[in-house]
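Single-structure report; data block below.
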Amino acid sequence: MDYATRPSFRASRDAFDAARALIPSGVNSTARSVQGGWSPYPLFVRDGRGSRVTDIDGNTYLDYLLGLGPMIFGHRPPEITRAVVDYIENVGTMFAMPTLAETALAGKIVEAVPSVEQVHLTCTGTEGVLYAVRLARAYTGRSKVVRFEGMYHGFSDGVYWSKHPDIEAAGPDDAPVAVAQGAGLPPHVGESLVVLPWNDVEALRSAFARNRGEIAAVLTEPIMCNTGCILPEPGYLEAMRELCSENGALLVFDEVITGFRVARGGAQSIYGISPDLTVFAKGLGGGFPVAALGGRRDVLALVDDGIVSMAGTYSANGIAVAAASAALDLLADDARFDALWSRSTRLREGLQERFDKHAIAARVVGIGPLFQVWFTEQPIRNYRDAARHADQGRFRLWWEAMLERNVLFHPGPLENLFVSFAHSDDDVDATLEAAASAIDSLAASW
Ligand SMILES: Cc1ncc(COP(=O)(O)O)c(C=O)c1O
């Protein structure tokens, strides 16, 4: 398909020209930008319902982008929309005073995730991570933080480094250096980070040895969702847990993507690891902006004592609390996750079968409702593997071929495909049918 000049995208193309005159880069997040993969222009949305979105040209897609993850119940889930509207109409939105609803929501999160004893609500994952790192520094009296190349933990100055660095500029494979994610980050902040390759126990062990008594926290996604969907190798998270405990550092799980998505108790419940602190967002709000930082009571006690300060005019606003509370009520039904996993597995396996049929070097990798396709035969264990081996040109052609067949996901090969509770068996069938036709046509030219 010739995306750039496609007549059926004309309204989006014109809308982007108009937006660029008023909005820098034409969009309000890099993930929606030309640089983020939407080249040469993003599609503009008219509306969404359930598992589908419609663009302003009137094209309707089966949606596996899902707002980059929050729409775990699909678009406009009636129970959550109703709960939010009721709250606004009957209670209000913000008071700068606590409400009973906040405590009730905290109780639901504590009940769902065993490692969480107390909860602090924020509006975004970025804020949740920022506070988790601050708490870890305050608790340990240390300043360094381990973060892994290829992960994204929000855009605050302290962690917006080495997300997807140019590997020529990122130091040797076994000793990466912190690379700022764009201009404007103070260089001294990068010096507080120990950047490591993921899925590498020895790299972590030797980082602790080199920085004895200096590491406050190891910050990680339990599944590396910001470089496609890389699973932890057996024993890796366990080793991470042990090394943190042995060395007096806190283990911080960033479950912004995995939380309330791969399981009610998050990825930590699947892998059986108990982090000291966890950040949740996306799935927690069912499409409304809300995030939570939770974890050990003795760590969060620093907030209790006023030693660590956490502010936020919009934190625990009524809309966020009503949405998250309604979402958690829906998630209490385990049968939902069973159905989600069986549909998602059928989809992942079905895609792999269709690639295999044509002997295309593609690996569909992920867990439950979260996956990505790597166009390579090489195993991908960390960011540098992905940067070196995944064929981005082929990914783009795959993306366009699926879009042409009305199946939407993010154009970036390092993003994820998300399946929602709203995706039906028929949706999975339609996606596999589209994939079979897309792969037939790609195979002919590859
Ligand atoms: C793992 C992870 N952590 C943190 C964030 C930042 O969350 P937010 O966009 O809500 O600030 C994201 C966003 O995509 C994420 O994927």
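The values are calculated or read from the model by the stated rules, or taken from the named source; none is laboratory data. Predicted model only: the values in this text are computed from it and were never measured. Cβ atoms come from the backbone with ideal geometry, glycine included; neighbour counts cover every protein chain shown. Accessible surface is based on the protein model in full, side chains and every heavy atom, while ligands, DNA and RNA are left aside. Shrake-Rupley method; radii C 1.70, N 1.55, O 1.52, S 1.80 Å.
Some notes on this structure:
- Flag for residue 61 being assigned to a strand (DSSP E or B) and surrounded by fewer than 23 Cβ atoms within 10 Å (Cβ to Cβ): yes
- Odd one out for residue 323, checked against (1) in a helix (DSSP H, G or I); (2) more than 16 Å from the ligand (Cβ to nearest atom): (2)
- Filtered by the rule that a residue be part of a helix (DSSP H, G or I), in contact (Cβ under 8 Å) with a residue 24 or more places away in the chain and surrounded by 17 or more Cβ atoms within 10 Å (Cβ to Cβ), region 363-399 gives 383, 384, 386, 387, 394, 397, 398.
- Checking residue 317 against (1) surrounded by fewer than 16 Cβ atoms within 10 Å (Cβ to Cβ); (2) within 16 Å of the ligand (Cβ to nearest atom); (3) not small (Gly, Ala, Ser), the condition it does not meet: (1)
- Output for region 33-48, where each listed residue is free of Cβ contacts under 8 Å to residues at least 40 places away in the same chain and either among the β-branched types (Val, Ile, Thr) or farther than 20 Å from residue 8 by Cβ (or both): 33, 34, 35, 45
- Test: residue in region 247-269 that is without any contact (Cβ under 8 Å) to a residue 12 or more places away in the chain and assigned by TED's automatic domain parsing to the domain that holds residue 98: no
- Residues being in contact with a helix residue (DSSP H, G or I) (Cβ under 8 Å, 6 or more places away or on another chain), small (Gly, Ala, Ser) and either open to solvent by 50 Å² or more (accessible area, probe 1.4 Å) or within 11 Å of the ligand (Cβ to nearest atom) (or both) - total across region 113-149: 2
- Listed by position, the strands (runs of 3 or more DSSP E) contained in region 178-296 that have at least 2 residues being more than 16 Å from the ligand (Cβ to nearest atom), open to solvent by less than 30 Å² (accessible area, probe 1.4 Å) and closer than 24 Å to residue 138 by Cβ are 193-196, 215-220.
- Residues in region 150-177 that are away from the ligand (no atom under 12 Å from the Cβ) and hydroxyl-bearing (Ser, Thr, Tyr): 1 in all.
- Looking only at residues of region 6-39 that are open to solvent by 60 Å² or more (accessible area, probe 1.4 Å) and either in a loop (DSSP other than H, G, I, E, B) or not assigned by TED's automatic domain parsing to the domain that holds residue 392 (or both), we find that the one that is farthest from residue 70 (Cα to Cα) is 35.
- Of the residues 109, 88, 80, the single one that is outside any loop (DSSP other than H, G, I, E, B), among the aliphatic types (A, V, I, L, M) and loosely packed, with under 14 Cβ neighbours inside 10 Å is 88.
- Yes/no for residue 420 being surrounded by fewer than 20 Cβ atoms within 10 Å (Cβ to Cβ) and either among the β-branched types (Val, Ile, Thr) or not assigned by TED's automatic domain parsing to the domain that holds residue 261 (or both): no
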